Amino acid sequence: MARASFIEAIRQAQMEEMQRDERVFIMGEDIVCNVFGTTTGFVDMFGKERVRDTPISENGFIGASAGAAMVGMRPIVDVTISSFLYPAMDQIMSMIAKSRYIYGGQAKLPLVIRSCLFYGNSNAAQHSDRPYAMFMNVPGLKIIVPSDARDMKGLLKAAIRDDDPVLCFEDGNCWSSKMELPEDPDFLIPLGQGEVKREGTDITVVAVAGGVPIALKAAQRLAKEGISLEVIDPRSLVPLDRGLIVKSVRKTGRAIMVDPAHLSCSVASEVSATIVEEAFESLRGPILRVTTPDTHLPFSPAIEKALYPSVDRIVAAAYKLVGADHRIPAQETV
Amino acid sequence: MARASFIEAIRQAQMEEMQRDERVFIMGEDIVCNVFGTTTGFVDMFGKERVRDTPISENGFIGASAGAAMVGMRPIVDVTISSFLYPAMDQIMSMIAKSRYIYGGQAKLPLVIRSCLFYGNSNAAQHSDRPYAMFMNVPGLKIIVPSDARDMKGLLKAAIRDDDPVLCFEDGNCWSSKMELPEDPDFLIPLGQGEVKREGTDITVVAVAGGVPIALKAAQRLAKEGISLEVIDPRSLVPLDRGLIVKSVRKTGRAIMVDPAHLSCSVASEVSATIVEEAFESLRGPILRVTTPDTHLPFSPAIEKALYPSVDRIVAAAYKLVGADHRIPAQETV
Amino acid sequence: MTHQANDLSLEKYRRMLRIREFEAVAEAIHAGGEVPGSLHTYTGQEATGVGACIALRQDDYMVGNHRSHGHPIAKGAALGPLMAELLGKVTGVCKGKGGSMHLSDFSVGSLGETSIVGSGIPVAAGAALGAKLQGTDRVSLCFFGDGASNEGAFHEGLNLASVWKLPAIFLCENNGYAVSTPVSQAVAVADIADRAAAYGMPSAVVDGQDIDAVEAVVTEAVERARTGGGPTLIEAKTYRYAEHAVNMGRVLRDRGAEVDTWRARDPIELYRAKLIAQGVESEALDAIARDAKEAVQEALRFARESAYPDQLDAFDDVFVERLPIPAYLTN
Amino acid sequence: MTHQANDLSLEKYRRMLRIREFEAVAEAIHAGGEVPGSLHTYTGQEATGVGACIALRQDDYMVGNHRSHGHPIAKGAALGPLMAELLGKVTGVCKGKGGSMHLSDFSVGSLGETSIVGSGIPVAAGAALGAKLQGTDRVSLCFFGDGASNEGAFHEGLNLASVWKLPAIFLCENNGYAVSTPVSQAVAVADIADRAAAYGMPSAVVDGQDIDAVEAVVTEAVERARTGGGPTLIEAKTYRYAEHAVNMGRVLRDRGAEVDTWRARDPIELYRAKLIAQGVESEALDAIARDAKEAVQEALRFARESAYPDQLDAFDDVFVERLPIPAYLTN
Ligand SMILES: Cc1ncc(C[n+]2csc(CCOP(=O)(O)OP(=O)(O)O)c2C)c(N)n1
Ligand SMILES: Cc1ncc(C[n+]2csc(CCOP(=O)(O)OP(=O)(O)O)c2C)c(N)n1
Ligand SMILES: [Mg+2]
Ligand SMILES: [Mg+2]
C-alpha cells in the first residue's frame, strides 16, 4: 500500500473500474487534458471513445449519460465544479432521478455524476456551491460525500458498480489528504454505512465532507481539555445511516452538526431533525448546527473564511453544550 | 368585500399591481389564453407587450426576467407548474439568487417567479414536485407559500412590490379555498411574518402551504377530544419567522411539522432543527415530521394519496406526543 | 425488414388504426372518469408516428414525449399494458406509476415518453451513444414537438449528437402549436428543420400526413445513422385534432376552420385511399379496422380486470432495491 | 458619437492599451500572490472588446463572462475600482464580492460579467426586453465565448430575442478554445455565426483582430437594434495568448506555434500600424501607451491603499436589506 491523495484515489477508482468493466466510460469537459488530475493516463489506457471530452452542455451530456445507462452502459460524468450542476437540473431531477420509477422499473440507470465542492479560496458565489442537500429532497439519487482518500476510493468504486444513479461530491478541502489506499481491486465501501471517525463519550459530532477533518481537529483540541467528541461521518447522504447517528446520540446525549453548506434545509438540519425525532429522550441539550450562514460566499479573502465551519466554532458549540450540563464540569461558554 | 378563490386572489394581486405600476409586466407560457385563470382579461387591460406569451424556454425567459429587472422593470414570471423550474435552475440559482451579491449591490432584481405545486391528482412524478426547500439552501431568493386566498393576495402584492427576487409557490390543493378579499389596493402582507392560524395550548403544528388546511382540520378533530393544537403558517419561508414558531413551542412544549414535500432536507426538517436548537429546554417530547416520504409520487390513484400528509397522520402524531406526556391524560398511541 | 411489401403496408394501416381507436377509447373512458390526470391525444398525427417507427427495427431505440400513446403503439407495443397504465393498474406498462403521459414499453425499444418538454432529446442522444460505444448498429429515434425545439435541451442534444456523429434521428412533430402558442410566435424560422444548420446536420421537411413519405425520409436517416453517417433532423408537418389536452377547450375554439382543413387530409383516410388505389380490397381494410377496435376493447377489458398496485409498491423502483417503508404505513 | 473621428481612433487605441496593461499588471500581481482565486486574461482579444463597445453609447447595456477584465474597460469603466476588486478590497467595483471573474461596472452600462458559461445571454436578452418595454432606444450587447454557444442558454436567449425582435447584439468571441477544447471538437459548423440560421437572425463573421472591422459590423447591428430591426449574432474570430486561466500551463503547451501566428496579427500592433499609416504621429501613440501604464499603476496604488471589507459586509447585498448577523460573529 502506498500513500496517495484524494485526487489519486479518484483516479484509481475510475481506472480500476474501467479496467474491470468495459461498459464503464467517462465524459466531461476537458477531461482528456485532465485539469484536476483525476484522469492521468486515461486516454492512453482507454482511448478517446471511453475518455470523452464534451462540449459545454451540462444538460446535454448529463442527459446523454442517462440514455447511455438505460441501454446498458455505465457512465461516469465529470462535472468539474458542483455549481455547474444547475444548468443540468432538468436532466438530473426530471430524468435521472425519476425515470426508473416513472417507467415502473423498466429502466436501470447505473451512472455516476462527479463534481467537486470548490469553496474557501476566493472563487466567489457562482463557483462556491455545496448543493448536496437539494438533491436529497428529490428521491431517486444516491449521494456520496467522501471526506478522505480511502473513503473516496471505496465509495467511488461502489458507486460505479451501483445499479442506481449516484452523485459524488468531492470536497476541495479534502483533496490534499493523503492515505494508504487498499490495492484490492474489490475494495468497496458500501453506500449507506456511516463511520465513526473517532470514538468519544460526551458529544456526538455528525460532520459532512470537508466538515470531517475540521471536526477531528476540534476533537483533538477538546480532548486535551477533557471533553470527548465522537465524530461520525455518514459518508453517504442517500442512503443515510440514521441508525449509526441515533445510536451515538443515545450514548452521548449531545449533538453538534458540522456541514459546510448553507444552514437552511441543510444536511445539518436533516440530521438534527432525525435525532430529535428518534432520540429525544436521550438528549441532554439542544442540537447545535455549525454551518455556513445563509449568505453568499464573497470573493474577498478578508471575509470569506470566517463564514465556514471552523475548529473554533465547533469548540465554542461544544462548550455551550457541556457548560449547560452537570455531568461534565461546566466551562466558560464562548 | 366579496368571497373569491385562491386563483382569483392571484389575478387580483397581479391586476392591481399592474395597474399601480407600469414597470410590472407578466410573462410565461400560454398566459394570454389564460389556462389556470390567473390572467383573465389581462390582454384587454394591459396589451400583449405587458402580457407576454413565451416560447417553451424556461431558462431563457426566467433569465430574461432578471435582465429586465436589472434595468428597472418588475417582471412577474408565470411558470405554471413548479416542476418546470428545473430547466431554469441555471438562471435562478446562479443569476437571480446571486447577481446582487456578486456585483456588490449594484444590481437590484425586483421580480416574482410564480409556479404551482401540482400534486395529488395523478400527475405522476415529473409533474408533482414541491421543490421550495431546495431554494432555501441557496441564499438570495425570498420564498412565499400562501395557504389561503387572503394570504395569497396580500403576499403576492407584497412580493411584486419587493425589491428582491421572490419565488411564489401556489399549492393546487389550496386553489378552491374561497375567502373575503380586501379591496384596499394597498393590502399587503409583509414577507417574513408568520401567522397563528389557530391558537392552541398543547401542541404547536407548523404547517406549510397545502399542509395548513389539513392541519386545521386535524385541530378541529382533536379539539373534540380535548387536545388543543396551535397551527402556525410561516407563510414565507425566506425570510422565515423563526421567532413566532419558537415562541409557540415555548408555550406548548410539543411540535409537529406538516409539510407536503419530501422528508429529507425539507422545511419540516429545517423548522424542527430550529426548534431543537432554540427551544430545547421547553420540549416535552420529540418533534414529529408529517411529510411525504422520500419516494416518488406514482400516477395510480390507488397509491398516491396515502403518501401525503393527512388529517389521520397528524392526529396519530398528536396522540403519540400527548400519550408520552403526563400533563394531558395519556391516550392510546396510533 | 421481415415483412413483404404488402404485409408492411397493411401493418402500417393497422398500427395507425390501433392508435386512432386507442385514443377514441381513452378519451371516452377519461370523460367517464376512469382515467385520472391529464390526457393528450395523438389523433391526427398517426402517420408520423407509424411512418417513423416502421422504418426502425424492433431493437432500435425510441424516445417520446407527453403525447405518449401513439409512439409505443407505433413501435409495436401490446395494447393491454398501455391501457392498463391509463387506469393506473399494476399490469400497466409502467406498473401504474407513469400514467397517460409516460406510456413506454422497453420490450419494444420504447425507452421512455417523458412529460417534461424537451427532456427526451439528450436521453435519446445518450441511447445512441450507448449503441455506438457497444459497437451495435442500433439507432435511436426521438419524437418531440415544435414547442420542444425552443428548449435548451434540444440545442445541447442535437449538438452533441452531431459532433459525436451519433446514430440518432430527431423527429420534430410540428403540429402547429405548443398548447395555445402557434409555432410562428415561438420560432422565427420558416421550418424547424432549418435549425439543423446550427449543427451541420442533414435535415428534411416531410408531410406528416403521408405515411409513405414519412417512412421514406426516416428510412434514409436510419440508413445514414446505421452506417456511421451521424444524426438527422426531420420535421414532420402534422396536426392534432383535439385540444392540447382534454378539458382545455378554450384553446381549441380559436382554431376555427383550420381543423377541418386538416381533417380533409386525414392520414388514415389518405392512406386508405392510396391502398385501395393500389388494388387492396376495401374489405381487407375494413377487417383491419374491426380488428383494431376489437384489440382495443380487449385491452380495455384487460385493464379493467386488472388490480391496482399495492400501497407498498409505491416504494419500489425509486432504486433497484425497495425503499424502507415508513412506519405510518406499516402500523 | 461625440468624438471627432480622430479622437475616436485614439480613444480606441487608448482603451486597448489600458486592457493590455491592466492584464499585464493583473498577471504580475496574481503571480506575486496579491490576487486570490483564478485569473482569465483578455490579452489578444482587445480589438473585439473595444471595437464592440465603442459602437455603443454609454447608456447602452453590456453583459459579459468570466474573462471579465477587458469588457468593462472597453465600455469605459474607471480602472481603480476594477483593480481594487481583483484584490478583494471594499473599494472594488463589486465591493470585493465578485473578484476577477465578475468585474462589472453598472455606472457605464456594464451590467454583469458572469462566470457560469452561457448564463449572461438570457440576462442580456432581458435587458434588451426592458429597454424595449420602457420605450427607450437603448440596446444590449452580450459577449460570450465559442464554448458558450453550446449551452442551452445560448439557444433560448437567441430565440427569445429573435421572436420578440429585441434590441440585442450577441457577440461571440471565438478564441478557438474552451479551456482545452478546440471549437472544431465542440461545434459541427464552420462558423458559430451559422447558428443564427436557427433563429432567422442576421449574422456576421468578423476579424476580431481588426478593431475597425469589429466596430463597423457592431455599429450596423446596433443601428438595426435601435431602430426596431431586432437582434444580430456576430462572431469575432480572435485569440487569447495565455492559457485559459493562470496556472493552467498544461493546456497551453499543446498549442505550439499557433500562438506565434496570432501574435503576428496582434490587434494593438495592427491598429498602431494603421494609425501611423493614416498619419498619426508615433509619439502621440507612445504617449497614450505611457498614459495607460500610468493609469494602471495609479489604479494599483488605489487598490493597494484601499481597505478590505468588514466581516459583517458579507451579510449585505444578498437582499436589499442586510441579513441578520449570526451570533457566532457578533459574540
Ligand atoms: C419544461 C416544460 N415546460 C412546460 C411544460 C408544459 N407543457 C406540456 S406540453 C406543452 C406544449 C408542448 O408543445 P409541443 O412540444 O409542440 O408538443 P405538442 O403538445 O404540440 O405535441 C407544454 C408547454 C412541460 N411539460 N415541461
Ligand atoms: C456552466 C459552466 N460550465 C463549465 C464552466 C467551466 N468553464 C469556465 S470557462 C470555460 C470555457 C469557456 O469557453 P468559452 O466560452 O469559449 O470562453 P473563453 O474562456 O474561451 O473566453 C469553462 C468550461 C463554467 N464556468 N460554467
Ligand atoms: Mg406542438
Ligand atoms: Mg473560447
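The values are calculated or read from the model by the stated rules, or taken from the named source; none is laboratory data. Just so it is clear, the structure is predicted and the values come from calculations on it, not from any experiment. FYI the Cβ positions are ideal-geometry reconstructions off the backbone, even for glycines, and counts take in every protein chain you see.
Away from ligand 2 (no atom under 16 Å from the Cβ) and crowded, with 19+ Cβ neighbours inside 10 Å - does that describe any residue in region D:239-261? There is no residue in region D:239-261 that is away from ligand 2 (no atom under 16 Å from the Cβ) and crowded, with 19+ Cβ neighbours inside 10 Å.
Looking across region A:252-271, just one residue is at the interface with chain B (Cβ under 8 Å from one of its Cβ atoms), over 20 Å from A:S147 (Cα atoms) and touching a Ser or Thr at 6+ places or on another chain (Cβ under 7 Å), and that is A:C265. Filtering A:E304, A:E277, A:E281 for residues that are in contact with a Leu (Cβ under 7 Å, 6 or more places away or on another chain), outside any strand (DSSP E or B) and surrounded by fewer than 22 Cβ atoms within 10 Å (Cβ to Cβ) leaves a single hit, A:E277.
Here B:G67 meets the list (1) without any contact (Cβ under 8 Å) to a residue 40 or more places away in the chain; (2) surrounded by fewer than 24 Cβ atoms within 10 Å (Cβ to Cβ); (3) of a type in the set (G, A, S) almost entirely, failing just condition (2). Would a scan of region C:119-141 turn up a residue that is small (G, A, S), within 13 Å of ligand 1 (Cβ to nearest atom) and surrounded by fewer than 24 Cβ atoms within 10 Å (Cβ to Cβ)? Checked region C:119-141: no residue is small (G, A, S), within 13 Å of ligand 1 (Cβ to nearest atom) and surrounded by fewer than 24 Cβ atoms within 10 Å (Cβ to Cβ). Would you mind finding the one in A:F118, A:F61 that is without any contact (Cβ under 8 Å) to a residue 60 or more places away in the chain, more than 16 Å from ligand 1 (Cβ to nearest atom) and facing chain C (nearest Cβ under 7 Å)? A:F61 is the lone residue from the list that is without any contact (Cβ under 8 Å) to a residue 60 or more places away in the chain, more than 16 Å from ligand 1 (Cβ to nearest atom) and facing chain C (nearest Cβ under 7 Å). You will find that of B:I10, B:I92, the residue that is within 24 Å of the chain's Cα centre (by Cα) and either among the acidic types (D, E) or away from ligand 2 (no atom under 16 Å from the Cβ) (or both) is B:I10 and no other.
Screening D:H71 against (1) in a helix (DSSP H, G or I); (2) facing chain B (nearest Cβ under 8 Å) leaves a single unmet condition, (2).
Reported count of residues in region D:299-313, each being surrounded by 22 or more Cβ atoms within 10 Å (Cβ to Cβ) and within 14 Å of chain A (Cβ to nearest Cβ), is 2.
Rundown of residues vs (1) of a type in the set (A, V, I, L, M); (2) closer than 18 Å to B:L167 by Cβ; (3) in contact with a Pro (Cβ under 6 Å, 6 or more places away or on another chain), yes/no style:
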position: B:E180; (1), (2), (3): no, no, no
position: B:I189; (1), (2), (3): yes, yes, no
position: B:R198; (1), (2), (3): no, no, no
position: B:G226; (1), (2), (3): no, no, no
position: B:S236; (1), (2), (3): no, yes, no
position: B:S266; (1), (2), (3): no, yes, no
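Consider region A:70-89. How many of its residues are within 25 Å of the chain's Cα centre (by Cα), among the small types (G, A, S) and either closer than 20 Å to C:A131 by Cα or surrounded by fewer than 24 Cβ atoms within 10 Å (Cβ to Cβ) (or both)?
Initially, region A:70-89 is screened for residues within 25 Å of the chain's Cα centre (by Cα), giving A:73-89.
Checking the rest, the ones that are also among the small types (G, A, S) come to A:82-83, A:88.
Retained after the next criterion (residues that are either closer than 20 Å to C:A131 by Cα or surrounded by fewer than 24 Cβ atoms within 10 Å (Cβ to Cβ) (or both)): none.
Qualifying residue count for the region: 0.
Total residues in region A:68-93 satisfying the condition of being at the interface with another protein chain (Cβ under 7 Å from one of its Cβ atoms), touching a Pro at 6+ places or on another chain (Cβ under 7 Å) and under 15 Å from A:A107 (Cβ atoms): the figure is 2.
Per the listing D:S110, D:S100, D:S104, D:S68, the residue uniquely closer than 16 Å to D:V296 by Cα, in contact with a helix residue (DSSP H, G or I) (Cβ under 7 Å, 6 or more places away or on another chain) and among the hydroxyl-bearing types (S, T, Y) is D:S100. Given the criteria more than 14 Å from chain D (Cβ to nearest Cβ), within 17 Å of the chain's Cα centre (by Cα) and more than 17 Å from C:A124 (Cβ to Cβ), does C:I234 qualify? Judged against the criteria, C:I234 is not a match. A count restricted to region D:93-108 and to residues that are facing chain A (nearest Cβ under 8 Å), free of Cβ contacts under 8 Å to residues at least 40 places away in the same chain and either assigned to a loop (DSSP other than H, G, I, E, B) or surrounded by fewer than 24 Cβ atoms within 10 Å (Cβ to Cβ) (or both) stands at 2. Being away from ligand 2 (no atom under 16 Å from the Cβ) and either within 14 Å of chain B (Cβ to nearest Cβ) or in contact with a helix residue (DSSP H, G or I) (Cβ under 8 Å, 6 or more places away or on another chain) (or both) is a description that applies to D:Y61. Close contacts from region C:142-155, counting a first residue that is free of Cβ contacts under 8 Å to residues at least 40 places away in the same chain and a second that is part of a helix (DSSP H, G or I) and within 16 Å of ligand 4 (Cβ to nearest atom), with Cβ to Cβ under 7 Å and a gap of 6+ residues or different chains, come to C:G152/D:A153.
Screening B:I144 against (1) touching a Lys or Arg at 6+ places or on another chain (Cβ under 9 Å); (2) under 28 Å from C:L39 (Cβ atoms) leaves a single unmet condition, (2).
The condition (being modelled with pLDDT of 95 or more and more than 16 Å from ligand 1 (Cβ to nearest atom)) is satisfied by just one residue among C:N175, C:N150, C:N159: C:N159. Of all residues in region C:314-331, those that are surrounded by 14 or more Cβ atoms within 10 Å (Cβ to Cβ) have Cβ atoms under 7 Å from Cβ atoms of residues that are hydroxyl-bearing (S, T, Y), 6 or more apart or on another chain, in C:A314/B:T295; C:F315/B:T295; C:D317/A:Y101; C:V318/A:Y101; C:V318/B:T295; C:L323/B:T295. The single condition from (1) more than 16 Å from ligand 4 (Cβ to nearest atom); (2) free of Cβ contacts under 8 Å to residues at least 60 places away in the same chain that D:A193 fails is (1). Of everything in region C:272-331 that is among the hydrophobic types (A, V, I, L, M, F, W, C) and outside any helix (DSSP H, G or I), the residue that is nearest to B:S310 (Cα to Cα) is C:I325.
Does region D:169-190 include one or more residues that are in contact with a Phe, Trp or Tyr (Cβ under 9 Å, 6 or more places away or on another chain), free of Cβ contacts under 8 Å to residues at least 24 places away in the same chain, surrounded by fewer than 24 Cβ atoms within 10 Å (Cβ to Cβ) and of a type in the set (G, A, S)? For region D:169-190, residues in contact with a Phe, Trp or Tyr (Cβ under 9 Å, 6 or more places away or on another chain), free of Cβ contacts under 8 Å to residues at least 24 places away in the same chain, surrounded by fewer than 24 Cβ atoms within 10 Å (Cβ to Cβ) and of a type in the set (G, A, S): present.
Every condition in (1) charged (D, E, K, R); (2) more than 7 Å from chain C (Cβ to nearest Cβ); (3) over 22 Å from the mean Cα position of the chain (by Cα) holds for A:R130 except the one numbered (3). Would a scan of region C:256-263 turn up a residue that is closer than 15 Å to C:E46 by Cβ, at pLDDT 95 or above and in a helix (DSSP H, G or I)? So far as region C:256-263 goes, yes, one or more of its residues are closer than 15 Å to C:E46 by Cβ, at pLDDT 95 or above and in a helix (DSSP H, G or I).
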